[in-house]
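**Student:** Right, I'll just put the structure down here and ask away after.
The values are calculated or read from the model by the stated rules, or taken from the named source; none is laboratory data. All values reported here derive from a predicted model rather than from experimental measurement. Note: ideal-geometry Cβ built from the backbone for every residue, glycine included; neighbour counts use all protein chains shown.
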Protein chains: 2
Amino acid sequence: MASQDWQTTLRAKGYRLTPQRELVLRAVERLGHATPDEVLGAVHEESAAVNISTVYRTLELLEELGLVRHAHITDRAPTYHSTATPDHVHLVCRSCGEVTEVAPEIIEPMTAKLLDTYGFVTDVGHLTIFGACQNCAR
Amino acid sequence: MASQDWQTTLRAKGYRLTPQRELVLRAVERLGHATPDEVLGAVHEESAAVNISTVYRTLELLEELGLVRHAHITDRAPTYHSTATPDHVHLVCRSCGEVTEVAPEIIEPMTAKLLDTYGFVTDVGHLTIFGACQNCAR
DNA sequence: GTTAATGCAAAAACTTTGCAAACCT
DNA sequence: AGGTTTGCAAAGTTTTTGCATTAAC
């Protein structure tokens, strides 16, 4: 059922089902958070050869369809994650690089205030908070 | 006085005072938020020729010294801003690109909770919140 | 005079694009 | 069959690096 979902979403907009698209989506789901390059690597481990440009095009497509999202967790490449996982905020430690996923509820007081004061609707799924984790903070 | 500050900071760590470093720092202060490329452009307008690689090296140095900071406001290049301006959070509208600066107090409830729950110390100056501004939200 | 910093040019890393061949429907 | 998608290769961007020259101290 969930496995049909993405197929339906693709077809709904007239896009075709290809093994590459399935492989990329699966890789993103499996990896949790991954750069285009890491997605390519993961797909290759599946003993499948997909071109890097296809990975880029596919990630763009999947994001347009709302099946994946990206966030800027490192200073370099964007990292993609599946939207099948519930929305979450990323806490990224500047020292050790650890990434913690946090339920969006924790920032609800803030999003409420931003809406209230500025009429700003926070895109929770895209939020990355940098700082120092418990271990590195002291 | 403030104009001496950065000179002192540089010397304190044994770095040298160069016109390029002053030009880059001034450009960042003047521009508010700027990519390395925009900094280069601004410096050139000062009728001074500074190489792009010097801009990169200088921004890195200034950041190490705590004189500038960077945040990821767009999906592409990082934007640098002076730390002379008080810490602030960036609200970025995904539709129109508008960037609003917000006092850190507004997110204090969130940072408190993150500290409480995860021992996570939020780096407020680096925080960029994506979403939809008042005009674009509806 | 020493040593760090700059400019330049080349390389590296990352992403995009054009086009013919292959594949989905 | 017909139009979309892929692979490949080449080009575009952005950032980094090595090294000789220049400039700060």
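**Student:** Counting just the residues of the range B:83-98 that are within 16 Å of the chain's Cα centre (by Cα) and among the polar types (S, T, N, Q), which one comes out surrounded by the most Cβ atoms within 10 Å (Cβ to Cβ)? First the steps, then the outcome.
**Tutor:** Filtering the range B:83-98 for residues within 16 Å of the chain's Cα centre (by Cα) gives B:83-92.
From what's left, among the polar types (S, T, N, Q): B:83, B:85.
Values: B:THR83: 16, B:THR85: 13.
So, considering only residues that are within 16 Å of the chain's Cα centre (by Cα) and among the polar types (S, T, N, Q), the one surrounded by the most Cβ atoms within 10 Å (Cβ to Cβ) is B:THR83.
**Student:** Look at B:SER47 and say whether it is at positive phi and in the same structural domain as B:GLY14 (by TED's automatic domain parsing). Before you say what the answer is, go through the steps one by one.
**Tutor:** Values: at positive phi: yes; in the same structural domain as B:GLY14 (by TED's automatic domain parsing): yes.
Spelling it out, B:SER47 is indeed at positive phi and in the same structural domain as B:GLY14 (by TED's automatic domain parsing).
**Student:** Another one. Quick test of your reading of the structure: B:ILE129 fulfils all but one of (1) within 17 Å of A:ASP116 (Cβ to Cβ); (2) more than 8 Å from chain A (Cβ to nearest Cβ); (3) touching a residue at least 12 places away in the same chain (Cβ under 8 Å). Name the failing condition by number.
**Tutor:** The failed condition is (2).
**Student:** Mind counting the residues in the range B:45-63 that are within 11 Å of DNA strand C (Cβ to nearest atom), without any contact (Cβ under 8 Å) to a residue 40 or more places away in the chain and not β-branched (Val, Ile, Thr)? Break it down into steps so the answer makes sense when it comes.
**Tutor:** Quick first cut of the range B:45-63, residues within 11 Å of DNA strand C (Cβ to nearest atom) only: B:48-62.
Filter once more, so that each one left must be without any contact (Cβ under 8 Å) to a residue 40 or more places away in the chain: B:48-60.
Then keep just the ones that are not β-branched (Val, Ile, Thr); that gives B:48-49, B:51, B:53, B:56-57, B:59-60.
The qualifying residues number 8.
**Student:** Would you point out which residue out of B:THR54, B:THR111 is hydroxyl-bearing (Ser, Thr, Tyr) and touching a strand residue (DSSP E or B) at 6+ places or on another chain (Cβ under 7 Å)? If you could, list the steps in order and put the result at the bottom.
**Tutor:** Numbers: B:THR54 fails: touching a strand residue (DSSP E or B) at 6+ places or on another chain (Cβ under 7 Å).
After applying the criteria, what remains is B:THR111.
**Student:** Inside the range A:99-123, can you point out the residues that are buried (at least 18 other Cβ atoms within 10 Å of the Cβ) and more than 8 Å from every other protein chain (Cβ to nearest Cβ)?
**Tutor:** A:THR111
**Student:** Let me ask something additional. Restricting attention to the range A:58-76, which residues are within 11 Å of chain B (Cβ to nearest Cβ), surrounded by fewer than 19 Cβ atoms within 10 Å (Cβ to Cβ) and either of a type in the set (S, T, N, Q) or in contact with a helix residue (DSSP H, G or I) (Cβ under 7 Å, 6 or more places away or on another chain) (or both)?
**Tutor:** Correct list: A:THR74 only.
**Student:** Please tell me if B:ALA77 is assigned by TED's automatic domain parsing to the domain that holds B:LEU17, under 20 Å from the mean Cα position of the chain (by Cα), away from DNA strand C (no atom under 16 Å from the Cβ) and closer than 23 Å to A:ILE73 by Cα. If you could, list the steps in order and put the result at the bottom.
**Tutor:** Working: assigned by TED's automatic domain parsing to the domain that holds B:LEU17: yes; under 20 Å from the mean Cα position of the chain (by Cα): yes; away from DNA strand C (no atom under 16 Å from the Cβ): no; closer than 23 Å to A:ILE73 by Cα: yes.
So B:ALA77 does not fit the description; no.
**Student:** For A:PRO36, are the conditions met, namely being near DNA strand D (Cβ under 10 Å from one of its atoms) and assigned by TED's automatic domain parsing to the domain that holds A:LEU61?
**Tutor:** Values: near DNA strand D (Cβ under 10 Å from one of its atoms): no; assigned by TED's automatic domain parsing to the domain that holds A:LEU61: yes.
Taking the combined requirement at face value, the residue does not satisfy it.
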